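The values are calculated or read from the model by the stated rules, or taken from the named source; none is laboratory data. This is a predicted model, so every value here is computed, not measured. Note: ideal-geometry Cβ built from the backbone for every residue, glycine included; neighbour counts use all protein chains shown.
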Amino acid sequence: MDMSPRIVIPTFLLFVLFIGEGHNGCSELQCGNGPRIRFPFRLKDRQPDQHCGYPGFDLYCSHNNDTVLELASSVKAFVNSIDYESQFIKLTVSDNCFPWKIPGLHLSSPPFQFKNSLSNYSLFNCTPDTDTYYLIPCLSSSRHPVYAIPSDKDINDLLILSCTKMYSVPSVPDDIWDSSLELTWSEPAKCGRCERQGQKCRFENNSTDLKTECFGPYMHKGSILGSFLLVLVVYALYRVYRYDKVEKENQARIEKFLEDYKDFKPTRYSYNDVKRITNQFTEKLGQGAYGTVFKGKFSNEIHVAVKILNSSKGNGEEFINEVGTMGRIHHVNVVRLVGFCADGFRRALVYEFLPNDSLEKFISSVDSKRFLGWEKLQDIALGIAKGIEYLHQGCDQRILHFDIKPHNILLDQNFNPKISDFGLAKLCAKDQSAVSMTTARGTMGYIAPEVFSRNFGSVSYKSDVYSFGILLLEMVGGRKNVDVTVENTSQIYFPEWVYNLLEQKEDLRAYVEDNGDSKIAKKLAIVGLWCIQWHPVDRPSMKVVVQMLEGEGDKFTMPPNPFASTNPTIINISMPARRLNQELEVILESE
C-alpha cells in the first residue's frame with residue numbers, strides 16, 4: 001500500500017511524542033517570535049496545568065506578544081532568550097532601564113539568582129565634564145548625568161568634586177548598568193543535565209513531589225521499539241524524498257512571488273500566529289473546495305476570517321492568485337486581505353471578518369424574515385457593480401474575477417456588499433481585449449458562454465459582466481415564494497422566463513406586492529438581461545451597468561431576446577420564479 005508522507009510523518013511524530021512524553025500534554029509554546037517555552041518554565045495564560053512548569057517559573061504573554069517574567073519583587077521584565085542547557089535567562093525592561101528597578105530588585109530567594117558576580121555601587125549626580133565609571137543614560141539628563149561608581153573605590157582616586165552622591169546600591173551585577181540582566185537558576189538541577197544530553201525535562205511520571213526526569217528520543221525503550229522506530233524513520237525518509245521535490249518547487253515558487261510582493265504590505269504570519277489568532281481553530285465558519293474558514297481574533301478585539309488552504313489542492317496557484325490580486329485592491333466593495341501565511345506547505349489567508357455571511361443566504365431562502373427589502377437589494381446590486389467596475393478599471397492592471405456569484409458576495413454589519421474569493425482571478429492589461437485560457441474556470445450556472453466555446457467571442461472582462469447579470473436575475477427571482485410541485489415546475493431556463501414575462505407586459509407586479517418595489521425589480525431584471533447577452537460585444541461594460549443601476553428604470557429599453565426560438569414559451573402565472581442552481585449546458589469548443 002502506497003502511504004502518503006502526509007500520513008506517515010504525522011503518525012511517526014505522534015508515536016514518538018506518545019512514547020517519549022508519556023501523555024505529558026505540555027507542549028512547547030511561545031509568545032509571538034519570543035523564545036521557546038518549555039519545562040521548567042510554564043506559560044500560565046495558556047498552560048493552566050501546574051504540572052507543565054516548576055514552581056516559580058511562570059511566564060505570560062503581554063498584549064504585544066512579548067514574553068514576560070514577573071520577579072519576586074514585582075519587577076516585570078521581558079525575556080530575550082532562555083538557555084536551557086546552561087540554565088540562564090536574559091532579561092530587559094520596557095524602558096530599557098533596569099537601574100530604575102534597583103531599589104525593589106532583590107533576588108535572595110529562589111528560583112533565580114544573578115548570573116554574574118555582585119558588587120556594591122554608589123550613584124552620583126555629576127556635571128557633564130566628569131570622567132568617571134558607568135554612565136547611566138536612562139537616569140541622566142543633558143545637564144546632570146548620573147554615574148555608578150564601585151563603592152570600594154578610594155574617594156581620592158575619583159574626580160568627584162563636581163558630583164553629588166544620590167544613594168548606595170548594594171549587591172548588583174556589573175551588567176545591570178547596560179540595561180540588561182542575566183539570571184541563573186539551579187532548581188531543578190537535573191534539567192540542565194537533560195538538556196546537555198539532548199533530551200528534555202519533566203516531572204517524574206507527572207508527579208507532584210517535584211522530582212524530575214529526562215525523556216526524549218534518546219532514552220532507551222528496548223531493542224524492539226528501537227528497531228520499529230528505525231524502520232519507520234527509514235520509510236518516512238524514503239517517502240519524503242519522493243514527495244519533497246514537487247513540494248519544494250511549489251514552495252520556492254511561492255517564496256519568490258512573496259519576495260516580489262512584499263512591497264504591497266499585507267502582514268505575513270507564521271503558522272503559530274495563525275493558530276493563536278484562531279484559538280487553535282476553535283470556531284469554524286465554513287468549508288469549500290480549496291479550504292476551511294475559521295473565525296479569529298487579534299489581541300485588540302478585531303475579528304478576522306482565516307482561510308486555511310488545502311495543501312493537497314493545486315500547486316499554489318490559488319494562493320498566489322488570492323494574495324497577488326487582493327493585495328492590489330483597496331475598495332469599499334472588495335473584502336480586505338489582512339495578511340497571509342506561507343509556512344512550508346501550510347498556507348492561509350487572513351481577511352477582514354464580515355458578520356452577515358454571504359448574499360446567498362438572503363436571496364435563496366424562502367424565509368420572509370431574511371428578506372432585506374427591495375431598496376436594500378438595489379443598494380447591494382449597485383455596490384457589487386461598483387466593486388467589479390473597480391476591478392476592471394480602477395487598478396494598474398485589469399482584474400478579471402471569473403467567479404462572481406452570490407456565495408462570493410459577503411455582507412458587513414450594515415449589509416454593504418464586498419466581493420471575495422479571488423482564487424480564479426486573472427490579471428491583464430487594460431487595453432487587452434481578450435485573455436487566453438486553457439481551461440474553463442468558474443461555477444456552473446454563472447460561467448459566460450465564451451468561456452466554454454469561442455464561437456460566442458473571446459474571453460474578456462465581459463465574462464464577469466455575464467456572471468453579474470445572472471446574479472442580478474437571482475436577486476430578482478429569489479423572492480418568489482410558491483410551492484414547487486410537479487404540476488407547476490417548468491423546464492424553462494429561468495432568465496428566459498424573466499425575459500418573456502417582461503416582454504408580454506406582465507412586468508413583475510404579479511410577483512411583487514408594492515408598485516414601487518416592482519419598479520426596482522423590473523430595473524434589476526432588465527439590467528441583468530442586458531448583461532447576459534450571449535455574445536460579449538452585446539453586453540454593456542460595468543461602467544455602463546453602474547449608470548443604469550443609478551438611473552430610472554422606466555427609461556430602459558428591453559434588450560434583444562437571446563432566447564429566441566421557433567417555439568415561444570408560454571408564460572404561466574403560477575410557475576416558480578426560478579429554478580436555483582440552474583447549470584449551463586457545456587458547449588464544446590469547435591474545431
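Below, the figures for the structure above:
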item: Leading residue by the ranking (modelled with the lowest pLDDT) among those in the stretch 1-52 that are charged (D, E, K, R) and in a loop (DSSP other than H, G, I, E, B); result: ASP2
item: Subset of the stretch 378-397 [touching a strand residue (DSSP E or B) at 6+ places or on another chain (Cβ under 8 Å) and modelled with pLDDT under 90]; result: GLN397
item: Tabulated pairs, the stretch 122-135, first within 13 Å of SER151 (Cβ to Cβ) and among the aliphatic types (A, V, I, L, M), second at pLDDT 60 or above and not in a loop (DSSP other than H, G, I, E, B), C-beta under 7 angstrom, 6+ apart or interchain; result: LEU123/VAL146; LEU123/ALA148; LEU123/MET166; LEU123/TYR167; LEU123/VAL169
item: Any hit, the stretch 415-424, residues being in contact with a strand residue (DSSP E or B) (Cβ under 8 Å, 6 or more places away or on another chain), under 20 Å from VAL544 (Cβ atoms) and either surrounded by 15 or more Cβ atoms within 10 Å (Cβ to Cβ) or not assigned by TED's automatic domain parsing to the domain that holds TYR461 (or both); result: yes
item: Qualifying residues in the stretch 277-308 (those that are within 11 Å of the chain's Cα centre (by Cα) and without any contact (Cβ under 8 Å) to a residue 24 or more places away in the chain) - the one farthest from ASN33 (Cα to Cα); result: VAL293
item: Subset of the stretch 530-547 [touching a residue at least 24 places away in the same chain (Cβ under 8 Å), under 17 Å from ILE384 (Cβ atoms) and not polar (S, T, N, Q)]; result: TRP530, CYS531, ILE532, ARG539, PRO540, MET542, LYS543, VAL545, VAL546
item: Residue within the stretch 543-565 that is touching a Ser or Thr at 6+ places or on another chain (Cβ under 8 Å), modelled with pLDDT of 80 or more, surrounded by 17 or more Cβ atoms within 10 Å (Cβ to Cβ) and not polar (S, T, N, Q) present; result: no
item: Residue satisfying all of: in the stretch 442-458; hydrophobic (A, V, I, L, M, F, W, C), surrounded by fewer than 24 Cβ atoms within 10 Å (Cβ to Cβ) and within 32 Å of the chain's Cα centre (by Cα); nearest to VAL545 (Cα to Cα) among these; result: ILE447
item: Qualifying residue in the stretch 460-473 (condition: in the same structural domain as ASP379 (by TED's automatic domain parsing), modelled with pLDDT of 90 or more and part of a loop (DSSP other than H, G, I, E, B)); result: yes
item: Filtered residues of the stretch 61-101 (kept if hydroxyl-bearing (Ser, Thr, Tyr), surrounded by fewer than 17 Cβ atoms within 10 Å (Cβ to Cβ) and at pLDDT 85 or above); result: SER62, SER81
item: Test result for CYS191, buried (at least 16 other Cβ atoms within 10 Å of the Cβ) and at pLDDT below 80; result: no
